[in-house]
Amino acid sequence: MFAEVVFPNKFRNPFTYSIPNELEERARTGMRVLVPFGKRYMTGFIIQVKEENNVEEKIKDIVDILDPKPIFTTESLKFYQWIASYYLSSLGEALKNAVPQGLDVETKRKIVADTDFCRELFEEEKPGTVKAAILSVLSEKEEIKLSQLQRLVKRQSIYSQLRSLQEAGAIEIIDELAGAKVRVKMQKFVKLGLPESEVFEKLPELEAKSEKQVPIILELLGRSEKEAALTELKEKLTLSDSPFKTLAKTGLIAIYDKEIVRTHEEEYNEEEKKLTITQQQQLAVNSVKAKTEPFDFEVFLLHGVTGSGKTQVYIELTEDVLSKGKNVLILVPEISLTPQITARFLNRFGDKVALMHSKLSLGERYDTWRKILAGKFNIVIGARSALFAPLDNIGLVIVDEEHDSSYKQNDLPPKYNARDAAIMKANMEKFPILLGSATPSVESMYNAETGKYKLLELTERIDNARLPEIKLVNVSVEQKLKKMENIFSRQLLNAIEDRIKKNEGVILLQNRRGFATQIYCEDCGEIEMCPNCSVSMVFHVHKNILQCHYCGITKKPPKGCSKCGSVELKYFGTGTQRVEDELEYFIPEIKLERVDSDSINRKGELGKILNRFREGETQVLVGTQMVSKGLDFANVTLVGVVSAETSLWMPDFRSDERTFQLLTQVSGRAGRSEKPGLVLIQTRDDSHFVLQKVVQNDYPGFYKREIALRKESSYPPFSRLCVIEAKDSKKENVMGGLQEFYNLLMQWRKYIDVHPPAPAVIEKVKNIYRYNILIKSYKDIDPSGKILREAVQESWIEFNKLNRYRELRVTIDIDPQSML
């Protein structure tokens, strides 16, 4: 028997391995295997088992099978094949999403160096060469991983230099088989080894022999489960291992290994509310239920104003699907930032719910994944990676806040969009999918308008709540009238003070971290820039540091201008720390907390902050866009936006849409009960179309204008986009390589529109230069995007034949969410 195996890397073709007789019964499609690959060992995925082999050269054997049951089936493999095909990745890269991090078993290569000899060779080597860079590192480090050395010298292809150093006796290259980083957690437990009646009979004899052994027996007898962790008993009874070992030899107790399941406890909690479903909610529920009797594919777009009870619709539909013996997958933008939807599902469905998100430890994620694979959960709630959870027998997928850009994978290939991929999964497996949002993406609303999706609407808030009153405050006018207090208008400060006196909650949005976003020299105009990136450094007042939010580098604030030496430095721009500091200055008695990625980096911290806010211990939340996502507090009656322009001026065709969505979403946090809500948005352009539509709560009006602009400029949904990005530490390599790629793409110019290579908006990050090619494929010519993908794929294959650009890091992003 033979197996076709793919690897979680860029290799596109499968490799054939022989299945040893002792592994034949376990070798099936969907299993992970450990196999030799060249001189090392790697973890791969079996995608096919066959009896015949067409490969002529000698076939290597599979070493081991790593899973007790398949991770994917022949049917679900088709979904991963679609992901790889559409987003132009290898099948192995797509399948890597099917397993949690830390499970790979593979050979790790490390280098042991003679540092003195390497130092001698370094002094003889010509400066500036790759070999000199390698020797510079090895003269300081006696032992280093190959991957770490490659990062330090900023070059992947260093094998020929390492071989020559090994031949010279300067280094030794060692291969070690590294096991999985995460595994099942086992712990020693103790239980009674005999029936209780027999144990009682032996107690008098035991008391006479050893007084240290008796407390162990008594402790176990007193426990309902008649077992305990060995470490717990030793600590409680202050005993060593000896009395336990003696008792185990007599058979009175048994010491054994027991698996400890690592579970994540959510910090945020709330009481379950008994809600009466409204007529509009019931109509939405009934529409989706029509596709669960029997189950069939259809995409529903639930457009519900903020506070209209979309979560209740999700809960009603989940109950219906579970009652029919099917399971439910719920995707949220980032579960750790939307704890309220999680709390409501846990309240209603209890231990049927599995949570998968970034705040779980590796062990918690692994144990949750294993329980899903074993069929222990009926509902999975998680961020985009939950799309690949091994949940079978799905009857419904719900995508909450479907417009959110965090559904797009931006880091590693395949650069999939979880919302779009979920729709394809529902289509393949024939069940309905519900997309929900108060501010649907332009593409989704267009699909509903043209009949591709079925539109469901919730136009009214529940619980007698009304949409908040929204006002624009022109800070330019307020400055002239001397009604500004630094970053705050007097109008906003008065409103905050009024709400605090009434014991009502306030949420303030400033979508920038830090204290000041720039340090600016008034004499020469120099801005304090990051030495590694094409961005200004941000001042964090509490730590008294400047930090780059792209590479993470920090340094002390300068006493004078780094260019001209002037001490006339101005701290310009506003971050969440400055909002926090100034509020505490103007309203000293205020009780506030900050919600941004600096303040909630500890596990469970956001849940604790929200608990305090709900209980009234905190009066004001100041945060970035995190405070706009899914918060539902009846006591919040005021929302303030410190600067509406933060995202409006971004050089991206989606900037208007993102601004409208962000401001509408954060505005929706106010007035979610009978108390009326007020939203004050500070701006320098109160006549701007987007802001006017936010004030009017006019999504249809915004959509109508935005779709017309998209059509005029041929942007999605009227075209498909692809961005080819190249990165390298040498600018000339990036420019030269992308020009070659551009020339290859231009052979397809009859069918696609190819923009010449250009620097990214942020040209340099971590001393790496970034250049892009933008490609458009028009839907009237290429409705499915097949020609676009073929053009990029063929050009990519030809480009890889150019050896001089082998070090260039090139990524392909189909349907990018941002041009930045």
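The values are calculated or read from the model by the stated rules, or taken from the named source; none is laboratory data. On a predicted model such as this, the values are computed, not experimentally measured, just so you know. All Cβ positions, glycine included, derive from the backbone under ideal geometry; neighbour counts span all protein chains shown. When the accessible area is computed, the model is the full protein with side chains, heavy atoms only, and any ligands, DNA or RNA have been set aside. Shrake-Rupley method; radii C 1.70, N 1.55, O 1.52, S 1.80 Å.
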From the alpha carbon gyration tensor of the chain, can you work out the equivalent ellipsoid semi-axes (sqrt of 5 times each eigenvalue) and give them in Å, largest to smallest? 45, 40, 33
Give me the percent of Cα-Cα pairs in the range 148-236 that sit more than 19 Å apart, rounded to a whole number. 65
With a 1.4 angstrom probe the carbon and sulfur portion of accessible area for the range 489-640, in percent, totals 45
Okay, helix-only estimate at 222 nm for the chain: each DSSP H run of n ≥ 4 adds -39500 (n - 2.57), divide by all residues, round to 500 deg cm²/dmol; what do you get? -9500 deg cm²/dmol
For the range 1-157, rounded, prolate or oblate, judged on the Cα gyration tensor with a ≥ b ≥ c (square roots of eigenvalues), a/c < 1.5 rounded, else prolate if a/b > b/c? prolate
How far apart, in nm, are the 7 Å Cα→Cβ label points at residue 730 and residue 48? 4.2
Residues with amide H under 5 Å from that of residue 48, placed H, sequence gap 5 or more: 4
PRE reach from residue 255 (point 7 Å along Cα→Cβ): which of the range 183-198 fall under 13 Å by backbone N? 188-191
DSSP bridge pairs, the range 343-441: antiparallel proportion in percent, nearest 5: 10
How big, on average over all directions, is the shadow cast by the Cα convex hull of the range 705-820, in nm²? 7.3
Summed residue charge, Cβ within 13 Å of residue 526's Cβ, Lys/Arg positive, Asp/Glu negative: -2
Packing rank of 131-137, 267-273, 662-668, where each peptide gets the mean count of other beta carbons within 10 Å, highest leading: 662-668, 131-137, 267-273
Using the heavy atoms of the protein chains and a 1.4 angstrom probe, tell me the accessible area per residue for the range 413-508 in square angstrom. 45
Under the 7 Å Cα-to-Cβ spin-label approximation, residue 459 and residue 21 lie apart by a distance in nanometres of 7.5
With the contact rule set at Cα under 8 Å and sequence spacing of 6 or more, what percent relative contact order holds for the range 536-628? 19
Round to a whole angstrom and tell me the spacing of the C-alpha centers of the range 134-165 and the range 304-373. 46
Which percent of the accessible area of the range 1-116 is formed by carbon and sulfur heavy atoms (probe 1.4 angstrom)? 46
Roughly what % of DSSP beta bridges within the chain run antiparallel, to the nearest 5? 60
The pairs in 188/371; 274/324; 483/559 lying past 26 Å Cα-Cα in this model are 483/559
Note: residue 203 to residue 566 extended length (0.36 nm per residue) minus current alpha-carbon separation gives 122.1 nm
Roughly how many nanometres apart are two label points built 7 Å out from the Cα toward the Cβ at residue 553 and residue 12? 3.8
Note on the chain: contact order normalised by length, alpha-carbon pairs under 8 Å, 6 or more apart, percent, works out to 10
Using Cα pairs under 8 angstrom and six or more residues apart, how large is the relative contact order of the range 344-453, in percent? 22
In whole angstrom, and with the biggest value first, how far do the Cα coordinates of the range 267-367 range along each principal axis? 40, 29, 22
Would you give the gap between the C-alpha center of the range 476-547 and the C-alpha center of the range 173-241, rounded to a whole Å? 59
Excluding ligands, DNA and RNA, the carbon-plus-sulfur percentage of the accessible area of the range 195-294 with a 1.4 Å probe reads 49
Accessible area of the range 313-407 divided out per residue, in Å², using a probe of 1.4 angstrom: 28
Additional length obtainable on full extension of the chain from residue 81 to residue 319, 0.36 nm per residue less Cα span: 82.5 nm
In straight Cα distance, which aspartates and glutamates are under 15 Å from residue 555, not counting same-chain residues fewer than 8 positions off? 528
Which aspartates and glutamates have a Cα less than 17 Å from the Cα of residue 202, not counting those fewer than 8 places away in the same chain? 211, 219
Rounded Å value of the spacing that divides the Cα centres of the range 386-432 and the range 1-76: 27
Of 809-818, 557-566, ordering from highest average Cβ density within 10 Å down gives 809-818, 557-566
Please work out the FRET efficiency for the pair residue 212 and residue 362, using the Cβ-Cβ distance as r and a Förster radius of 51 Å; give the result to the nearest 0.05. 0.85
Heavy atoms of residue 540: accessible area, 1.4 Å probe, square angstrom to 10: 10
Stretch residue 159-residue 242 to full length: gain in nm at 0.36 nm per residue minus the Cα-Cα span? 24.5 nm
Could you compute the FRET efficiency for residue 101 and residue 466, with r as their C-beta to C-beta distance and R0 at 41 Å, rounded to 0.05? 0.35
Hey, with R₀ at 56 Å, roughly what FRET efficiency would residue 750 and residue 263 work out to, going by the Cβ-Cβ distance, to 0.05? 0.45
Hits in the range 403-423: amide N under 14 Å from the 7 Å Cα→Cβ extension of residue 652, namely 403-411
